[in-house]
Every structure is written in structure tokens, then in C-alpha cells.
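Readers should treat all values here as calculations from the given coordinates under stated rules, not as data from a laboratory. Everything quoted here is computed from the prediction, not taken from an experiment. Note that each Cβ is placed from the backbone with ideal geometry, even for glycine, and that neighbours are counted across all protein chains shown.
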Amino acid sequence: MWEYAPAPESRDIANLKPNYRMFVDGQFVEGGGEPLKTVNPGTEEVLAEVSTASTADVDKAVKAARRAYDRVWGRMPGAERAKYIFRIARLIQERARELAVLESLDNGKPIKESRDVDVPTAAAHFFYHAGWADKLAYAGLGPDPRPLGVAGQVIPWNFPLLMAAWKIAPALACGNTVVLKPAETTPLTALVLAEIIQQADLPPGVVNILPGAGDVGAAVVNHPDVNKVAFTGSTEVGKIIQRQLAGANKKITLELGGKAANIVFDDAPLDQAVEGIVNGIFFNQGHVCCAGSRLLVQESVADELLEKLRVRVSTLRVGDPLDKNTDIGAINSREQLAKIHELTASGEAEGAERWTSACPLPDKGFYFAPTVFSNVSQAMRIAREEIFGPVLSVLTFRTPDEAVAKANNTPYGLSAGIWTEKGSRILWAAQKMRAGVVWANTFNRFDPTAPFGGYQESGFGREGGRTGLEAYLDV
Amino acid sequence: MSERISVAKTYKLYIGGAFPRSESGRSYPVTDTKGAFLANAAQGSRKDARDAVAAARKAFPGWSGATAYNRGQVLYRVAEVLEGRREQFVAEVGAAEGVAVKKAQALVDAAIDRWVWYAGWTDKIATVLGASNPVAGPYFSFSVPEPTGVVAVLAPQQSSLLGLISVVAPVVAAGNTAVVVASQDRPLPAVTLSEVLATSDLPGGVVNVLTGRTAEIAPWLASHADVNALDLTGAPEALRADLEQSAAGTVKRVLRTRPSEDFTREPDLSRIRAFVESKTVWHPIGV
Amino acid sequence: MAATSTAPSLPPALADAVRDDASLRRFLHGLPGVDQVGVEQRAAGLGTRSIKKAAKLWAIDTAISMVDLTTLEGADTPGKVRSLAAKARRPDPERPEVPKVAAVCVYPDMVATAVQELQGTGINVASVATAFPSGRSSLKVKLEDTAFAVDAGATEIDMVIDRGAFLSGRYGQVFDEIVQVKHACGDAHLKVILETGELATYDNVRRASWLALLAGGDFIKTSTGKVTPAATLPVTHVMLQAVRDWRTQTGQLRGVKPAGGIRATKDAIKYLVAVHEVAGPEWLTPDLFRFGASTLLNDLLMQRRTQLEGHYSGPDYVTVD
């Protein structure tokens, strides 16, 4: 047997510091909140202590953002804003390796993903939106679209740097200033992004980054002087935010959960479908709102496909996030791991057939072996609830209409996958899917030029593309 | 010779293409701005709202799946029939809004023109709001606007026809189906509009019109899980926040236009944008 | 089809597939399609595996043992073949522990020389045949070409398929030719060169792979080395999937040989990773995987030295043959 020797990326590259502070009005300052300890989910060791914001800090940050908006950023010509944003894109590229290693340390995602997806895509988002800053009049939203003011943004832990980029880049391009709260368990790369913003010499207060838990997020979105709220996270919290902001006249965009169906028709390119299914549910440990967590496979190819899938999943390497050969890293937190255990237990209890890869797992850290449930019915929790982990639920169908009906049978509507070699069927199914993103013969593709966002309880508003600008303009 | 006694009209609800009375059996008197009795209007209930949502949902696949050209023609046909009833609308708007004939004529003309404007949008929305996305990879990626679904529309309380049409037309032009709560005190032009819709080629259920107490009906629509979006334009001020909170229960899209909106202003695309979803589709490019 | 009687025995489902031309066509066109972007992405993704230290050394030695050391030039001479054979026996004269290669691959007229030089070494003598590289001749000539090489002592025959026939949809003809060449091989192993660079699509590569397996090819091989592109990673992925699926259906193990254009150790390791993770660890043996190469061996030897000596090596420290 050929065992791959460990090939770890050096953690020194992350320039990890013992302490991180919040970023307000262009300065790194101590926060008034209880400091948090951020943990490496791959080893359970504490990585660093991070200061968190108090309510007063939130107020200070919003005031700084308001000042920056009124005095500098809101009135700066777009062409000048653009150059600042281009600088950020370049600085991210220059510090890409550092950011990638730090992201994998703090989040647990495999280095190959932070290196090949998260960090380059984050840079791409700044690069793309920088170009918009002086071209907003061409966005089809009126001759002189105006910014909204101060944007309060709350992001999740699954793509810490990338989500920060998705939020900050369009906000700045449209002329808004930002108060952003990174997730409690993954604050580090956002704070290095703050360093980058400092290096890019952005005027103080244009971007403020406040680590903390949900209470800080709530204070940010509820602050009376915030004009725009953008949230990515669970549908549960999204609903709370929408409820809290009722009547507040703040523009809201929500990017929430999902339970995407990946539909495999009998004429699919099966080997690539297997890759797409694997990518769809095991990419980023399944911590992806648009993950293809429900596989709908046509009965006539179900056995063959499932066999191929199990063989393929057995080759997935679970372990040290910093190892370049790791396919599935660590689950982000003990809480999330417990949730995955709880839901998979419910799958077994409800009678689904569980198959789990026999891959070895490290002794320390939060890990979960890739798992495939077959004989799943729509009524089971694992077919309805977002697991947000490396767990796939397999259902079958007989006819295209049945596939569509099952795929759409969810309050969510973020993404969907379609696998078939028949062109007209692709377009038919894509049209029928009640989902904001439809991947046909591919899955989990992201690009700053392509709008992303959900139908129904997966949220509203789009990120990326011309459509995404609307969220940050008074139109 | 004595003056002829006119035939008075019974004003009813418009649900699923039919004109039922309220299931509650209730009606309420509608007066002109000076307090003179005009007619009794049906006082819609939560069950009427429920039926209207069911009708709108049932009509959604057909209406949203029709070609944009077809939707455009159907909506244009509505304008044709509106034009034929111009005088009736002038009288009703005049009575409802307490304006002189000239002003009422101007409002009705603007309303008909507004409908024509939106009718012409059906087959242009995807061109203007859609995109081909130049992604960095061997994929063809495109984004198309799709209707959000069933939209609950709280019509403006003041502008009984122009305002009504300004909020309903964009919803259906985009391919949505609508449950409209008409102006509470000025509902008669809305009911007449229903008759126009029923006698045009608009499929039953695409637009459903409820008359009655906005404050009574709106909460049921805001919390209804099969309603996808909510237009608050005509919501009572005191109720707006509550309705938004209810809407959050199923993450509805909420259009928070203020009731003070000036409907005589040239419209723009914002009301269409408010009720479409962007769907992005990716496919690899290869041999 | 004329040659069905001599076709290898197949499980019922597959026997049905080769019953006649129409069945064969239905079967090949019924295989799942291959999405170009998907397979290329998977190949590139697996290509990022980082193989270090002991795993790398193991890979280098394994790759050396899988080399079909090849010379297929009009200018080949017995002298050239003799020195190639010497290299095959002892790839690195200073390091006797280096494994010998799998085979020496030559034109039919050089087989006798190679056989003589490699007697008793366990190294196979492979010969290209069937009007290599174009395959543009009569079946009679192709069979005689094969017989000539086998008679001279070749233990492996690398035949080319008739790409013209394949591309014009005459699958039965291609099938028959392979069956007959296989018959002419006797005990010699048959590698079927698909010349994937001329097949235009991955769908065709998959169909040609299955066609060759159905007809009894022991190996499917990418290329002659005379056409660009020769071997590529994604093409090899598709072929590895074919032998993997063949095993699932028949229980039989068949081999894959990428040939042409693989010159660097880094590339060879990417191929081994593909073998390991696409077909499976069982295929990591010279019995089931080969590299058709000439210059690759020296790079493997240099990298091997680098691994063991801890500093980079140079071309003057490996022999040029």
C-alpha cells in the first residue's frame, strides 16, 4: 500500500499572534467585551485571544463609520474609491499564503481549499467590485445611484475571509462604510483583512471590524444609525434579524440556509456526477449553505451511482487541515460536531441506512467521517434540516416531475444541481428549480460576476454581479 | 315622465376569477369623501384571504410559465378593456377621491397608461435585469429574473385607481400572482378593476381583490406561509412593523414603500425588481 | 462479426453487447458520457496531491519498475537497442538496488536484438505492431506484423486501432481487428493503442477503451507517441475509470499505459496518484500500469538521487542511452 507521507503547510506562515484586537476608526484597539479564545478545531488548542466589542464599542464603530461616510467615503469620486479597493485585492493576493494558512488554522478547512478557493476568490471579489465603483451609473439602477450610508454586516464561520470579502467589497464600491462582525469562532482572517485595509491606507472608519458573539451582531444590526444590514448565516437567526428590523427602514439582505437537491438523471455523466456530488456535500466539511445535501438519483442508475459514490468517498482523506493532501478538515466547533452527531443519530433512528467511510480520524480535534444515508424519505429530519456537515442524504425518483417536486419540497431555495447530458432537460429542470443558483453538470462554483442568493427561506437579495449592487444602493 | 331608476351594482370580492361575497357574510358601507353613501362593499375575512392565496398559488404555475409575449398581450388586453370603461372609472374615482371630473379623468388616463407601460415590460424584464456572467472558468453562467411567487399587495389607501394599478401591474407583469387588499375606504374602483380583469384574458386567480378592513386582513396575509412577498404600501402606519415581523416568519420579501408615494410620478423598475428573484445557472463548456 | 467465434468469453450482459455491429454500437453509445470540464478538473485537482519523502521514494521506484523503455525511431540500430537494454537492466549503474524497468519497447525488426539482450532478466520485450503508428494497412499485413514480432520473441504487443474505422463508426471492424491480433499474439500480452490524440473527445476515449477491453486487450494504451497530444492526465483518468468499471462488471483486471509526453518525475507521480485514487491501489503494479517513455527514466533516477542524497542532481550523473 502506498501511504502518502504527511505534507503539512508550515503554520509559521500564518504569523499567528497571541492577541488580536478589534479594528475601529483605522486603529486596532482593545474592546470592552469579554475577550474570546479562538480555537484550532483541528487540534483543540487555543490559537489566540481576541478582544471583543461591547455595546459602547459598537456605537463608537458606527459613529466612526458615519463620520467616514459623511466626510470622506460617501462623497469620494468612484474612481478614487476604486483604487483603494483594487489595492485591497492586490494586498490579499500578496498575503495569500499567510491568509490561507491562518484560515485553515482558525476554521479547520483543508489548506487546499483555503489556498485554492477561499483566498483567491476573496481577492477576486475586491478586484471585481473595485471596477464597479466608478461605473455604478451603468448598473441599470438609475443614472446616479446613491449609497445607503453605514452598512452593518454579520458573517458566518464557514468562509470567514471570503464572506468578509463578499460583504465589504460591494459595500465599499457603492460608497458605503462598514461595520462588520466576524463569527465568534473564526475572527482571525477578518482582522488580518483589517491590517490589509490599513496597509491599503483606507481612510479611518471606512471599515470597522468588531469580533464578538451574537450579542455584538445584534447590537450592530440594531444600531439606529446603521442604514443597511447584510447577514449571512442560519435561517433561524435571519428570521430574528428580519423580525428585529421590522419597521426600522433599513435595507436588508439575508443569505441563509439551504437544503439543496442534487438531481442525477439516468443519462448523467456518472463519473463527473460522482465528483459533483462529492464536491457538493464534502467541500468545506459540508459547512456550506448551498451544499448539495440531498442527492436525488433516478432509480435506474441508483445502485450503480451509489456504489461508485461509496468507492470515491472512501478515498477522501480526513485529517490535519494544514496537510496539503487533506480533503476534509475539521468540523469548525464542538457545538457543530454535536449537532452533526445529533442529526445523524436521528437519521439512523428514523430508519435511513447509514454508510460511513472507514477513513481514520485524528485523535484530537473535531472530526466527522464522510457519511452517506440511503433509503432516505422526505419526511426524515436528515432530508429536511440543514445538517451543515459531511453528511449526504440519498433519495430516489422515477420521473423528472417527481425529481422536481421532491427537489422543491423544502422551505429553502438556495441552490440545486442537475446532472444529465440532455440539453433540453437541463434547461427544463433549471427553470423548474426554485433556487437562486442552479449548477448543471457541475456544483459549488462561485464567481464575483455571478449573483448568489436564495429563494424563500434561504434569504433575499443577491451577492455578486450587477444584481448584487442593488443591495448597497439607494434604489 | 319620471327619471329612470338606475340599476345599482353589488360590489363583491374577486377570488380565483369569481365574484363571491365574503364567506363571513359581512359588508360595510362605502361613502364618498363627503360622507354620502355610495354602496356596500364586501368585508373580506381571513378565510377570504386564505381562499385568495390558494387561488393565487393555483394560478401561479400557469401565469409564471406563460411566455412573456403572452403575458404582455393579456395585460395589454386589460388596458383595452380599461379604456372602454373609462367613464365609469372617472365617475368612481371622482366619487372615491372627491376630485373634480377633469382631475378624475387625468387620474384614470394615467392609470390606463400606467397599465400599458407595465404590459410592455413583460418581455423586457429578463433582458434588462438578466445577465450573462463572465465567470473565470470554462462555464456559461447566466442569471435570469423569475417571479417571486404569490405577492400580497396592500393597495394605497388614497389613490384608488392610479395607485392601485401602480402597485398591481408590476407584480403581475413580472409573472407573479397577487392577492390585493383594496383601499379600505375607497374600494369601488378596485372592484370595477376586478370586473375588467375578469373580462379580459387574465386567467382567474392571477389577481385576487379583497375589500374590507386592511388591518383585519393584512396580518393573515403577512403571516401566511404560502405568500412569498408583501407590499406594505397601503398598510396602516401603526401596523407596518407588526406586519413586517409576521412576514419574517417565512422570510418574505417586503416592499416598504411609504404610503406617501406619489403615483403621478413616472414609474421606474423598482416595483418589478422588488418582486423578482435572480436565478443564476451554470453549465460547463466542453466537447 | 466475423471474429466473434474467436472473441474472449464474456459475462452474458457483455457478450450480448458484441453480438453484432448494431449491438456494439448501442452498447458503446449507451455508456455514460464524460463531461470534459469535470474530468479535467478532477485530474487537475488530484494533480495537487503533495507526495513527499518516503511516499515519493516509493513512487519513484514504482514508476521505474513500470517504465516501458521505448525507442521507436527510424534511425534505431541494434547498437541503440543494446544500450537501451543495458539501461533497462540496470537503470542506475551506481545504485544496484534501483529496480529494473518493466519492458523494452521497440519496432518488430529490433525484437530479436532486444530478446537476446534481456534473456533471463525478467524484463519483457514489447513490440509495436499492426502498421504502427498509423495502422493504415490491410488486416493481413497487420496480423503478419504481429506474428513476426511474436515469433522473434516479443512477450508484449502494442497494436494500434484503426482510428479511421472507429471515427466513422465501424466499431465492429475495429473490434474484429483487435480480436484477431489478440489471437495472433498467442501468449504475448496485448496492449491496444487508442491514439487518444486523434479521438477528439473523452466520450470517444471511453468508447474506444471499452471496445478494446471487450475485444480482449490486456492493456489499453493512450498513444503511439507520434501524435500530439499524446498521453494526458484526464485521458488517463477516463481509461482508468474504464478498467475499474470493467473489473466491477467482470472481475477481471486489465491494465493502462499512458505513453508519450511524460518526461518528469512530477508528472509520473501525478499519474500514480490517479492510478491509486481513480482505479485503486491494486493497479499500482507493473502488471497493470506502465509508462511508455524514453526520457522519463533519467528524470526518475535524478530525482531518486535527490531524495537520497539530500541535494539536487544533474543530467551528467545519470547515463544517456
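Of note:
- Among the listed pairs A:Lys109/C:Lys56; C:Lys56/C:Lys257; A:Lys83/A:Lys432; A:Lys63/A:Lys167, a Cα-Cα separation exceeding 31 Å is found for A:Lys83/A:Lys432.
- Three-way shape label, segment B:170-231, alpha-carbon gyration tensor, a/c 1.5: oblate
- Highest mean first, the peptides B:11-19, B:145-153 sorted by other C-beta atoms within 10 Å per residue fall in the order B:145-153, B:11-19.
- Assigned charges on the beta-carbon of Lys, Arg, Asp, Glu; the protein assembly as shown dipole about Cα centre (debye): 1740 debye
- Inter-chain Cβ neighbour average for residues A:427-433, partner chain, 10 Å: 3
- Residue-averaged 222 nm ellipticity for chain C, from DSSP H runs of 4+ at -39500 (n - 2.57), nearest 500: -14000 deg cm²/dmol
- Counting only DSSP H runs of at least 4 residues, each contributing -39500 (n - 2.57), and dividing by the residue count of chain A, the helix-based mean residue ellipticity at 222 nm comes to -11500 deg cm²/dmol.
- The aspartates and glutamates within cross-link reach of B:Lys12, meaning a Cα-to-Cα straight distance under 17 Å and a gap of 8 or more places when in the same chain, are B:Glu23, B:Asp48, B:Asp51, B:Glu92, B:Asp185, B:Glu195.
- Shown for A:Cys174, A:Cys289: other C-beta atoms within 10 Å of each C-beta, ranked fewest to most, produce the order A:Cys289, A:Cys174.
- Scattering profile of segment B:27-284 at q = 0.08, 0.15, 0.16 Å⁻¹ [log10 I(q)/I(0), Debye over alpha-carbon scatterers]: -0.30, -1.03, -1.17
- The GNM of chain B, with springs linking C-alpha atoms under 10 angstrom apart, assigns the highest mean-square fluctuation among B:Gly44, B:Gly137, B:Gly120 to B:Gly137.
- Most mobile listed residue (C:Leu31, C:Leu233, C:Leu199) in chain C, GNM with C-alpha springs under 10 Å: C:Leu31
- Shown is the FRET efficiency for C:Asp316 and C:Ala15, computed with R0 = 41 Å from the Cβ-Cβ distance and rounded to the nearest 0.05: 0.15.
- Subtracting the Cα-Cα distance of A:Glu342 and A:Glu49 from their residue separation scaled by 0.36 nm leaves 102.5 nm.
- If R0 is 30 Å, the Cβ-Cβ spacing of A:Ser234 and A:Asn375 corresponds to a FRET efficiency of close to 0.60.
- In terms of its alpha-carbon gyration tensor, segment A:223-358 comes out prolate; a/c meets the 1.5 threshold, and the first ratio a/b outweighs b/c.
- Solution diffusion estimate, µm²/s, Stokes-Einstein, chain A, Kirkwood Rh from C-alpha pairs, 25 °C, viscosity 0.890 mPa s: 109 µm²/s
- Size estimate for the protein assembly as shown follows the Kirkwood approach: the inverse of mean 1/r over distinct Cα pairs works out to 32.5 Å.
- Legend: calculated FRET efficiency, B:Ala215 to A:Asn249, from the Cβ-Cβ distance at R0 = 25 Å, rounded to 0.05, equals 0.75.
- Rounded if a/c under 1.5, otherwise prolate or oblate - segment A:363-467, Cα gyration tensor axes: oblate
- Kirkwood radius, chain C, all distinct C-alpha pairs, inverse of mean reciprocal distance: 19.7 Å.
- Applying both filters, DSSP loop and at most 11 other Cβ atoms within 10 Å, to the trypsin sites (Lys or Arg not before Pro) of segment B:187-257 eliminates every site.
- Within the straight-line cut-off of under 21 Å between alpha carbons, the lysines reachable from C:Lys80 are C:Lys100, C:Lys226, sequence neighbours fewer than 8 places apart in one chain being disregarded.
- Inter-chain Cβ neighbour count for A:4-11, averaged per residue, equals 4 (cutoff 10 Å, partner chain atoms only).
- Nitroxide proxy distance, nm - points 7 Å out along Cα→Cβ at A:Asp12 and C:Ser83: 4.6 nm
- When the Cα positions of A:Pro451, A:Pro147, C:Ala129 are compared along the charge dipole of the protein assembly as shown, A:Pro147 comes out farthest toward the positive end, with charges on each C-beta of Lys, Arg, Asp and Glu.
- Euclidean distance between Cα centres, segment A:215-276 to segment C:132-166, Å: 63 Å
- Calculated mean residue ellipticity, 222 nm, chain B: -13000 deg cm²/dmol, from DSSP H runs (n ≥ 4) at -39500 (n - 2.57) each, averaged per residue and rounded to 500.
- Modelled spin labels at A:Glu34 and A:Thr315, positioned 7 Å past Cα toward Cβ, are 4.8 nm from each other.
- Look at where the Cα atoms of segment C:258-291 and of segment C:98-116 average out, and the two centres are 21 Å apart.
- Simple label model, 7 Å out from Cα along Cβ direction - B:Asp262 to C:Asp61, nm: 8.7 nm
- Paramagnetic reach from C:Thr306 in segment C:26-53 [backbone N under 13 Å; point 7 Å along Cα→Cβ]: C:51-53
- Protection proxy ranking of B:67-78, A:276-287 - average other beta-carbon atoms within 10 Å, highest first: A:276-287, B:67-78
- Pairs of lysine residues in segment A:207-347 that meet both criteria, 8 or more places apart or on different chains and Cα atoms under 27 Å apart, total 11.
- Cα-centred dipole magnitude for segment B:1-51, charges only on beta-carbon of K, R (+1) and D, E (-1), debye, nearest 20: 120 debye
- Counting beta carbons within 10 Å around each of A:Arg95, A:Arg381, C:Arg95 and listing the fewest first gives the order C:Arg95, A:Arg381, A:Arg95.
- Extension gain from A:Leu361 to A:Glu335, taking 0.36 nm per residue of separation minus the Cα-Cα distance: 7.5 nm
- Only one residue of B:Gln88, B:Thr33, B:Gly17 has its Cα farthest out toward the positive end of the dipole of segment B:1-115, where Lys and Arg carry +1 and Asp and Glu -1 on Cβ, and that residue is B:Gly17.
- Net charge dipole size for segment A:261-440 [Lys, Arg +1 and Asp, Glu -1 on Cβ; Debye, nearest 20]: 380 debye
- Calculated over segment A:261-440: convex hull of Cα atoms, volume per residue (Å³): 108 Å³
- Build a GNM of chain C with springs between Cα atoms under 10 Å apart, and of C:Thr228, C:Thr248, C:Thr70 the one that fluctuates most is C:Thr248.
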